[in-house]
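Each remark here refers to the structure printed beneath this line.
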Amino acid sequence: AAAGAGAGGGTRRSGTDGTERATDAPPADASAAWGPHGPSTSVIVVWVGTNNHENTAEEVAGGIEAIVQLINTRQPQAKIIVLGLLPRGEKPNPLRQKNAKVNQLLKVSLPKLANVQLLDTDGGFVHSDGAISCHDMFDFLHLTGGGYAKICKPLHELIMQLLEETPEEKQTTIA
């Protein structure tokens with residue numbers, strides 16, 4: 001059986017095999033914030049691209065841009081945070097260079113799109129000798145708890161900043 005339908009969507013049983021399939025219908029208790037493309041949300045975090053190592057940096061950056069454009073189309077009220085690609089590999093290598101190039105391309109292209117911010121996820125992972133510590137990435141790709149803490153602290157701060165009410169919203173609340 002499927003682990004869930006994602007984004008609060010409903011599930012239905014399919015035939016006699018007992019498998020579950022995601023539906024496009026909101027659950028019965030969905031709030032009024034449910035829109036035509038799922039629940040309306042304030043902030044969406046996108047962290048993709050590092051596994052697209054067979055693609056060029058331009059293709060990866062273009063794919064991330066396309067995801068942001070799709071989100072802007074389906075959730076125009078949402079603020080989008082794109083996390084930059086992490087360095088990878090214990091020592092400098094071509095994949096690390098490619099991830100850095102993707103990040104550079106995104107720094108140029110994402111400001112041209114609406115409602116999006118790029119969060120630099122460097123976090124000091126690369127030391128002065130070019131190495132990455134196994135204390136941050138146990139296999140020099142996947143983060144340890146300490147590595148996630150380096151990413152999540154600035155991410156949490158940015159999310160909280162984006163969720164704060166604007167002066168216009170506060171005035172509406174008071175009135």
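Any read-out appearing in this document is the output of simple, stated calculations on the displayed coordinates, not a laboratory observation. Worth saying up front: this structure is predicted, and the values here are computed from it rather than measured. Here the Cβ is made from the backbone with ideal geometry for all residues, glycine too, and neighbour counts use every protein chain on show.
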Region 41-163: Lys pairs at Cα distance under 23 angstrom, eight or more positions apart or on different chains: 13
Whole-Hz couplings from phi, Karplus 6.51/-1.76/1.60, listed for region 70-80; x for Gly and Pro: 5, 4, 4, 6, 8, 9, x, 7, 7, 9, 10
Which cross-chain or sequence-distant (5 or more) residues have an amide H under 5 Å from the amide H of residue 82, H modelled 1.01 Å from N in plane? 46, 117, 118, 119
Name the residue from 140, 118, 57 whose Cα lies farthest towards the positive end of the charge dipole of region 41-163, charges +1 on Cβ of Lys and Arg and -1 on Cβ of Asp and Glu. 118
DSSP beta bridges in region 41-163 [antiparallel fraction, %, rounded to 5]: 20 percent
Using alpha-carbon positions, the gyration tensor of region 41-163 gives root eigenvalues a ≥ b ≥ c; with a/c under 1.5 called rounded, otherwise prolate if a/b exceeds b/c, else oblate, the class is oblate
Calculate the spin-label point distance for residue 56 paired with residue 90, positioning each point 7 Å from the Cα along the beta-carbon direction, and give it in nanometres. 3.3 nm
Under unit Cβ charges (Lys, Arg +1; Asp, Glu -1), what dipole magnitude, rounded to 20 debye, does region 41-163 have relative to its Cα centre? 260 debye
